[in-house]
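The values are calculated or read from the model by the stated rules, or taken from the named source; none is laboratory data. A quick note: this is a predicted structure, and the numbers were derived from the prediction, not measured. Reconstructed Cβ throughout: ideal geometry from the backbone, glycine too, with neighbour counts over all protein chains shown. Calculation scope for accessible area: heavy atoms of the full protein, side chains included, ligands and nucleic acids excluded. Shrake-Rupley method; radii C 1.70, N 1.55, O 1.52, S 1.80 Å.
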Amino acid sequence: MKKEIPVTLLTGYLGAGKTTLLNHVLQNQQGYRVAVIVNDIGEVNIDANYIAKGGVVSEQDNSLMKLSNGCICCTLKEDLMKQMAELCASERFDYILIEASGMSEPAPLIQTIEVLSDATKRYNLPTTVRLDNVVSVVDACRLVDEFGSGKDLVDKSYEEDDVESLIIEQIEFCTKIIINKTDCVSKEQLDEVKAVIKALQPDAEIVEANYGKVELDKILNTKSFEYEKASLSATWIKKLNEQVAEEHDEHEHHHHDEHCHDHDGEHCHCHEHDGHDHDHDESCHCHDHDHDGECHCHEHGEDHDCHCHEHEHHHEHGEGCTCEHCRGTKLNYGIDNFVYTRREPFNKQKFIQFANNNFPKSVIRCKGVIWLSDDEENMHMFEQAGRQKNAFNVGPWVASLPKEQIEQILLENADVKADWRDDIGDRIIKLVFIGKNMQKSEIIKALDECLEK
C-alpha cells in the first residue's frame, strides 16, 4: 500500500507567531515523526535556529531543513520540491510541516505541493504527499491597527504597500486561521478582527490563540484541504460567481418568458437589460440610478413599498434587520461588500487616475475583471489590497476570437452565453468591493465617471 505523508503549510506575515505555533506543535506532536522545512528570506535563517534550539528537530538527523536567501513561493520553489521529495524517499517521517517566509504568497506554495503530489501519484512512487491543511497565522494587534484604528501598517524592511496585500492574500487562501495575540486586544476589537476576516474569507475555520497554543487537531491531520474548494472560497470569488449565476438566471427568464404583460396586455419593460425602462411601474426601484443590478430599497433604512421581488413588503429596514431581503447583506462593524457591474469600458487614463489618487480608503479588498476602451481585444484583471493596486492582461475576450471558436464556446459554456450581447460579446466590468463603512453610491458615481463617454 502506498504511503501518504500529510503536509501542513503555515503562512502569515512577519511577527504573527508562526514559529511560536510551530514550536508548540513540535513539543506536543503526539507521536508523529515530523520533518520541518523552514524558509526565511534572509541570509541567516533565524527561525530555523530558534526551532533547532528546542531539541525536537535538528539538521543533524535531517528532520529540520532550512531554505534561506530566497522565498519558497518563487525563487526556491524547485528547492522546496526537491527537499520534500527527499523527505518522502527517506521513509523516516510521517508528517511534514512547512513554515513559509512572512513574505510568501500562499497560492504558489500550494500549487507547488499539489504538483509534487500529482507527480508522485503519476509515477507510482511508493510515497506521496497530501496537502492536509493550510494555516494562516494573523496578529490580532496588527489587524486592529490596520482595519480597526486605521493606523498605518508599515514594516521598515519592506515596501509598505506589500504588507496589507500579503496579509489579505494569506487570509484569503487557507483552511484554518489562527488569530494570535488575542490577549493584546479588547473583546470588541477581537470581534471586529473576526468580522474583517470573515468578510475576506468566509469558509476557513477561525481559532483564537495566545502564544500559538492551539489544539493539535486544528493543525495536524485535519483532512480539511481541498484545492478546488479552497481556491473558490475567498469572498471576492464567491461574489463574482453569485453575480454570474444571477445573470444566468435572468438570461434564462428573458429567453423563455416573453409573455410578461400587464393587465391591459401590453408588454412589461420593468426588468429589461438596461434597467431603466419602467413603462408601467414607476415604484419599482430594483434598477435605480446605480444600475448595478442590486436592490437599493433597504440601504438607508427607508420605509416604502418595494416591488423588486414581485410582492409588496412594508416595514422598517436598517442596521440589524433580519428580514429575508436584508439578511446577509450587511456584515458586522460596518463591513460590507457589493459588486460593480457595467457593460461599458473604462477610459484607461480616467481609471488610472481614480485608482492612484481617488481610491477610497474604506475599501479593504477589490478584485475583478475590467474592460478598457483602448484594448477591445483583451480582458484585464484589477486587484487592490490596502494601498497596493495592480492591473494586468489575463487574455482575450471571447468576442475577439475567431467566429468558429466563439460559436463553440457559446455552445459549451452557459455562463459566457448568459453574459453575451450581440454588440459587445462578453466584454464587461465586474468588480467586487469589500470594505468598512464604504460610501457605495459615491464609489459607484466615481467609477461611472471613469467610463468612456
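The figures follow:
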{"read-out": "Residue within the stretch 391-401 that is part of a helix (DSSP H, G or I) and closer than 30 Å to Glu169 by Cα present", "value": "yes"}
{"read-out": "Residue match in the stretch 373-384 (condition: in a loop (DSSP other than H, G, I, E, B), polar (S, T, N, Q), over 22 Å from Glu242 (Cα atoms) and more than 18 Å from the chain's Cα centre (by Cα))", "value": "yes"}
{"read-out": "Every residue from the stretch 222-236 that is part of a helix (DSSP H, G or I) and either open to solvent by less than 30 Å² (accessible area, probe 1.4 Å) or out of contact with any helix residue (DSSP H, G or I) (no Cβ under 7 Å at 6 or more places or on another chain) (or both)", "value": "Glu228, Lys229, Ala230, Ser231, Thr235, Trp236"}
{"read-out": "Residues satisfying the stated conditions in the stretch 421-453, i.e. farther than 23 Å from Gln201 by Cα and open to solvent by 60 Å² or more (accessible area, probe 1.4 Å)", "value": "Arg421, Asp422, Asp423, Ser441, Glu442, Lys445, Glu449, Glu452, Lys453"}
{"read-out": "Filter result (open to solvent by 30 Å² or more (accessible area, probe 1.4 Å) and among the small types (Gly, Ala, Ser)) within the stretch 369-398", "value": "Ser373, Ala391"}
{"read-out": "Any chance Ala230 is out of contact with any Pro (no Cβ under 6 Å at 6 or more places or on another chain), of a type outside the set (Ser, Thr, Tyr) and modelled with pLDDT of 85 or more", "value": "no"}
{"read-out": "Failed item in (1) under 24 Å from the mean Cα position of the chain (by Cα); (2) not in a helix (DSSP H, G or I), with Asp415 passing the rest", "value": "(2)"}
{"read-out": "Glu86 vs. criteria touching a strand residue (DSSP E or B) at 6+ places or on another chain (Cβ under 9 Å) and open to solvent by 10 Å² or more (accessible area, probe 1.4 Å)", "value": "yes"}
{"read-out": "Test: residue in the stretch 133-140 that is modelled with pLDDT under 80 and surrounded by fewer than 24 Cβ atoms within 10 Å (Cβ to Cβ)", "value": "no"}
{"read-out": "Residues (closer than 24 Å to Asp132 by Cα and open to solvent by 20 Å² or more (accessible area, probe 1.4 Å)) located in the stretch 180-206", "value": "Lys194, Lys198, Pro202, Asp203, Glu205, Ile206"}
{"read-out": "Given (1) open to solvent by 10 Å² or more (accessible area, probe 1.4 Å); (2) at pLDDT 85 or above; (3) in contact with a Lys or Arg (Cβ under 8 Å, 6 or more places away or on another chain); (4) assigned to a loop (DSSP other than H, G, I, E, B), number of the condition Gly15 does not satisfy", "value": "(2)"}
{"read-out": "Pair list, Cβ < 8 Å and 6+ apart or interchain, from the stretch 390-410 residues that are at positive phi to residues that are surrounded by fewer than 16 Cβ atoms within 10 Å (Cβ to Cβ)", "value": "Gly395/Asn378"}
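Yes/no matrix, rows are residues, columns are (1) modelled with pLDDT of 85 or more; (2) under 24 Å from Val207 (Cα atoms); (3) open to solvent by 40 Å² or more (accessible area, probe 1.4 Å); (4) not in a loop (DSSP other than H, G, I, E, B):
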site: Pro6; (1), (2), (3), (4): yes, yes, no, yes
site: Asn23; (1), (2), (3), (4): yes, yes, no, yes
site: Tyr32; (1), (2), (3), (4): yes, yes, yes, no
site: Val36; (1), (2), (3), (4): yes, yes, no, yes
site: Glu43; (1), (2), (3), (4): no, no, yes, no
site: Ile51; (1), (2), (3), (4): no, yes, no, yes
site: Ser58; (1), (2), (3), (4): no, no, no, no
site: Lys66; (1), (2), (3), (4): no, no, yes, yes
